[in-house]
Every structure is written in C-alpha cells, then in structure tokens.
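What follows is a single structure, written as structure tokens, with notes after it.
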Amino acid sequence: MLQDWGKGRRSEVDDINGAVVAAGRRLGIPTPVNDAIVAVGHAIERGEFEPSLAALDRMRPA
C-alpha cells in the first residue's frame with residue numbers, strides 16, 4: 001500500500017482488508033483490526049494525513 005500511495009495511486013486496502021470486513025459482517029464476526037486498517041487507508045487516500053508510523057496510533061482503540 002505504501003508504494004501505491006507514494007506513486008499517487010489508490011491502494012488495495014478495499015480488496016484485501018475490505019474483503020475481510022465484508023466477510024466478517026456477513027458471518028457476524030467482528031473485524032476491528034481490519035476495520036481500522038480500512039478507515040486509516042481511506043483517510044490517507046483522501047489526503048487527511050500522510051502515510052507514516054504515526055498512522056498506527058489512529059488504529060488503537062480509544
């Protein structure tokens with residue numbers, strides 16, 4: 001994903017982690033880590049913040 005973002009492209013976050021989230025919802029299984037990865041990935045793609053190690057802090061539970 002980092003390479004995609006570095007080249008100004010969308011990442012595969014929906015294809016990989018998003019698929020896990022969708023399957024979890026269908027089966028009634030929580031997927032909090034994948035939910036967080038998708039949310040942060042989308043925020044990066046919207047330009048809300050840069051991809052960095054600091055983004056990991058946004059994935060921690062409140």
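The values are calculated or read from the model by the stated rules, or taken from the named source; none is laboratory data. The structure displayed is predicted, hence computed values, not measured ones. Please note: Cβ atoms are built from the backbone with ideal geometry, for glycine as well, and neighbour counts cover all protein chains shown.
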Identify all residues within region 33-50 that are more than 11 Å from the chain's Cα centre (by Cα) and on the phi < 0 side of the Ramachandran plot; write none if there are none.
-> Arg46, Glu48, Phe49, Glu50
Please specify each residue of region 24-34 satisfying the condition of being of a type outside the set (S, T, N, Q) and either at pLDDT 95 or above or out of contact with any helix residue (DSSP H, G or I) (no Cβ under 8 Å at 6 or more places or on another chain) (or both).
-> Gly24, Arg25, Arg26, Leu27, Gly28, Ile29, Pro30, Pro32
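Okay, residues lined up against (1) modelled with pLDDT of 95 or more; (2) surrounded by 12 or more Cβ atoms within 10 Å (Cβ to Cβ); (3) not charged (D, E, K, R):
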residue	(1), (2), (3)
Glu12	no, yes, no
Asp15	no, no, no
Ala22	yes, yes, yes
Ala43	no, yes, yes
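Mind checking which residues of region 1-10 are more than 11 Å from the chain's Cα centre (by Cα) and surrounded by 15 or more Cβ atoms within 10 Å (Cβ to Cβ)?
Applying the first criterion (more than 11 Å from the chain's Cα centre (by Cα)) to region 1-10 yields 2-10.
Selection gives Asp4, Trp5.
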